[in-house]
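Colleague: Structure provided below as structure tokens; questions to follow.
Every read-out reported here was derived from the displayed coordinates using simple, explicitly stated rules and does not represent laboratory data. These figures come from a predicted structure and were not determined experimentally. Using ideal geometry, Cβ is built from the backbone for each residue, glycine included, and neighbour counts are taken over all protein chains shown.
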Amino acid sequence: MSADILIKNARIIDPGQGIDLTGDILISNGLIKTIGKNLAKPDLMTIDAAGLIACPGFIDLHCHLREPGFEEKENIATGTSAAARGGFTTVCCMPNTNPPLDNVAAIDYIKNIAASKARISVLAVGCITKGRAGKEISEMAELARAGCIGFSDDGSPVPSSRIMSLAMEYAAMLDLPIIDHCEDLELTRAGQMNDGWVAARLGLKGIPAAAEESIVARDITLAEMTGVRLHITHVSTAGSVELIKQAKERGIKVTADVTPHHLTLTEERVMRNPVTTAISLVYDTNAKINPPLRSDRDIEILLSAVNDGTIDAVATDHAPHTREDKLCEFEAAAFGISGFETAFGVLMTLVNSGKVSLNRLIECLTVGPVKILGLKGGITGILKPAMPADITLLDINKEWTVDARNFLSKGKNTPYDGQLLKGMVVATFHKGKLAYKDGSLRIAK
């Protein structure tokens with residue numbers, strides 16, 4: 001659909017501008033033309049959004065589209081279709097592909113495939129080091145000129161403090177963020193899940209919180225020295241939150257995101273069925289993630305950090321895998337959760353239980369990522385006339401049951417399969433075009 005569209009009677013929530021009102025949005029030529037009340041135009045495609053929320057399109061600053069090199073898990077076409085279904089209009093793909101995104105040709109490849117096959121905007125994150133090997137920094141200036149929006153070796157840390165400090169100096173000169181996967185490999189070696197009572201009970205090697213926190217502390221120190229914009233991704237521990245909070249208080253340019261699964265699932269999910277709550281003798285590989293699911297206390301602190309702004313955004317860390325990657329022994333299974341299509345519904349469990357406000361949740365999915373990345377080119381995280389019509393329509397009262405078999409993503413690996421959720425995406429507009437719509441959406445002319 002590319003025609004002009006009128007969205008009527010929606011509750012418009014735009015935290016970036018402090019807007020929460022009932023009104024209409026007129027889309028024309030892919031842009032937002034007018035936002036107001038009682039808008040009318042004859043013979044126009046009209047969506048009756050009474051009872052729905054219209055908000056800026058979600059922005060995911062951390063996902064894995066797997067292309068090039070791992071197309072059996074996902075590709076840009078399937079991944080962006082799944083993202084649109086999840087309400088996302090922009091996604092930032094991580095560089096742990098094959099070959100990795102450590103050169104201009106690789107960035108250009110992503111841009112070209114996205115231009116022809118993506119349902120939404122795809123932004124590339126370039127590698128910090130060549131081949132993600134941690135030995136030599138990439139040609140960061142060339143990657144920046146090619147259009148990458150930040151640098152990361154995600155999936156791997158940068159073990160060398162010397163290499164990381166050099167990378168930070170270059171990134172600071174380029175005014176692009178370092179998006180860091182914080183993990184001390186000496187502490188996580190052979191680890192399978194959180195180091196705690198569940199790992200001990202199951203006989204699995206644990207991954208301690210210190211493995212994340214020690215690198216968070218190192219990188220904050222290096223960020224203070226270099227002046228770089230440091231973004232700590234998929235924060236999972238209470239100790240990391242405290243380090244980030246202290247750094248912000250000292251004026252260091254550090255931001256952070258958290259995933260929906262780290263806000264809603266604990267280490268017990270590895271052994272406990274979410275629907276029956278019964279303890280299973282078969283450990284669920286769909287709950288195997290890096291960083292691992294942590295404790296109740298960690299979730300409590302993470303939620304507090306979302307509410308007080310210590311954590312700036314929510315990102316999915318969408319990590320699709322094949323059936324074979326997960327249908328094996330726990331120790332052999334791949335780390336990762338397919339997260340695009342469940343993100344909003346899962347996060348609404350926090351709203352419905354009063355742990356996070358709806359407006360704060362939308363802020364963390366829209367303008368929050370923009371403030372972190374400093375995005376340009378019309379990706380603003382707000383709804384404003386003359387800007388691209390990236391809009392998500394939400395039904396916060398709609399109940400639905402997660403069925404991974406129906407995912408648009410190739411990755412069916414979700415620990416939420418079979419879970420009843422309340423709150424779903426009913427439509428996603430990308431630059432004025434309908435990138436996704438649920439069958440319940442009412443369209444008239």
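Colleague: Calculate for the chain the 222 nm mean residue ellipticity that helices alone would give, adding -39,500 (n - 2.57) per DSSP H run of length 4 or more and normalising by residue count, nearest 500 deg cm²/dmol. It would help to have the intermediate numbers written out before the result.
Modeller: Values: 14 runs with 132 residues, N = 445.
One gets -8500 deg cm²/dmol as the mean residue ellipticity at 222 nm.
Colleague: Another one. Taking 7 Å along the Cα-to-C-beta vector as the label spot, tell me the GLU249-LYS130 distance in nanometres, rounded to one decimal.
Modeller: Distance between label points: 4.3 nm.
Colleague: To the nearest Å, what is the center-to-center distance of region 307-332 and region 1-67, using C-alpha atoms only?
Modeller: 30
Colleague: Taking the Cα centre of the chain as origin, work out the dipole magnitude from +1 charges on Lys and Arg Cβ and -1 charges on Asp and Glu Cβ, in debye rounded to 20. Numbers along the way, then the final one.
Modeller: Values: 47 positive and 53 negative charges, 258 e Å.
Magnitude of the dipole: close to 1240 debye.
Colleague: Would you mind telling me which residue in LYS248, LYS111, LYS73 has the biggest mean-square fluctuation in a Gaussian network model of the chain, where springs connect alpha carbons within a distance under 10 angstrom?
Modeller: Of LYS248, LYS111, LYS73, the Gaussian network model singles out LYS248 as fluctuating most.
Colleague: Give the peptides 202-211, 320-329, 227-236 in descending order of average Cβ contacts within 10 Å, highest first. Spell out each step's value before the answer.
Modeller: Numbers: 202-211: 18.6, 320-329: 16.6, 227-236: 24.6.
In decreasing order of mean packing, 202-211, 320-329, 227-236 become 227-236, 202-211, 320-329.
Colleague: Name the residue farthest towards the positive end of the dipole of the chain from the options ASN96, ILE113, THR129, assuming +1 on Cβ of Lys and Arg, -1 on Cβ of Asp and Glu, about the Cα centre.
Modeller: The one lying farthest along the dipole's positive direction is ILE113.
Colleague: Simple spin-label model, 7 Å along Cα-to-Cβ: GLU399 to ASN352 in nm?
Modeller: Between GLU399 and ASN352, the label points sit 0.8 nm apart.
Colleague: How many angstrom separate the Cα center of region 375-445 from the Cα center of region 193-207?
Modeller: 36
Colleague: Further, regarding this structure: Work out, step by step, the length gained on full extension between GLU242 and ARG442: first 0.36 nm times the residue separation, then minus their alpha carbon distance; give nm to one decimal.
Modeller: Working: separation 200, 0.36 × 200 = 72.00 nm, distance 4.61 nm.
Using 0.36 nm per residue and subtracting the Cα-Cα distance, I get 67.4 nm.
Colleague: Separate question: Please check: in the Gaussian network model of the chain (C-alpha springs, under 10 Å), which one of PHE335, PHE70, PHE58 has the largest mean-square fluctuation.
Modeller: Result: PHE70 has the largest fluctuation of those listed.
Colleague: Still on this structure: How much length is gained on full extension from ALA200 to ASP308, taking 0.36 nm per residue of separation minus their Cα-Cα distance? Before the final figure, lay out each step's value.
Modeller: Values: separation 108, 0.36 × 108 = 38.88 nm, distance 3.36 nm.
Working it through step by step, the gained length comes to 35.5 nm.
Colleague: Okay, next question. Can you pick out the pairs among LYS384/LYS433; LYS37/LYS376; LYS41/LYS117; LYS248/LYS371; LYS376/LYS431; LYS8/LYS355 whose Cα atoms lie more than 21 Å from each other?
Modeller: Details: LYS384/LYS433 17 Å; LYS37/LYS376 29 Å; LYS41/LYS117 33 Å; LYS248/LYS371 15 Å; LYS376/LYS431 15 Å; LYS8/LYS355 30 Å.
Over 21 Å apart, Cα to Cα: LYS37/LYS376; LYS41/LYS117; LYS8/LYS355.
Colleague: Please find the FRET efficiency linking GLU139 to LEU185, where r is the Cβ-Cβ separation and R0 is fixed at 25 Å, and quote it to the nearest 0.05.
Modeller: On the way: r = 25 Å, r/R0 = 1.00.
Once the sixth-power term is evaluated, E becomes 0.50.
Colleague: Just for the chain, what percent of DSSP beta bridges are antiparallel, to the closest 5? Display every interim value, and only then the final one.
Modeller: On the way: 34 of 62 bridges.
Taking every DSSP beta bridge with both residues in the chain, the antiparallel ones total about 55 percent.
Colleague: What is the extension gain from VAL104 to ARG323, computed as 0.36 nm multiplied by their sequence separation minus the C-alpha to C-alpha distance, in nm to one decimal? Walk me through the numbers before you get to the answer.
Modeller: Numbers: separation 219, 0.36 × 219 = 78.84 nm, distance 3.26 nm.
Computed gain between VAL104 and ARG323 is 75.6 nm.
Colleague: Could I have the simple spin-label model distance between MET173 and ASN359, label points 7 Å from Cα toward Cβ, reported in nm to one decimal?
Modeller: 4.4
Colleague: How about LYS288: which lysines have a C-alpha closer than 22 Å to its C-alpha, ignoring those fewer than 8 places off in the same chain?
Modeller: LYS73, LYS205, LYS326, LYS410, LYS412
Colleague: Evaluate Rg over Rh across the chain, taking Cα atoms for both radii and Kirkwood's formula for Rh.
Modeller: Values: Rg = 20.9 Å, Rh = 21.9 Å.
Rounded to two decimals, Rg/Rh equals 0.96.
Colleague: Oh, and also: Once amide H atoms are built 1.01 Å from N in the peptide plane, which residues 5 or more positions from ILE337, or in another chain, come under 5 Å H to H?
Modeller: The list, which skips near neighbours in sequence, is ALA319.
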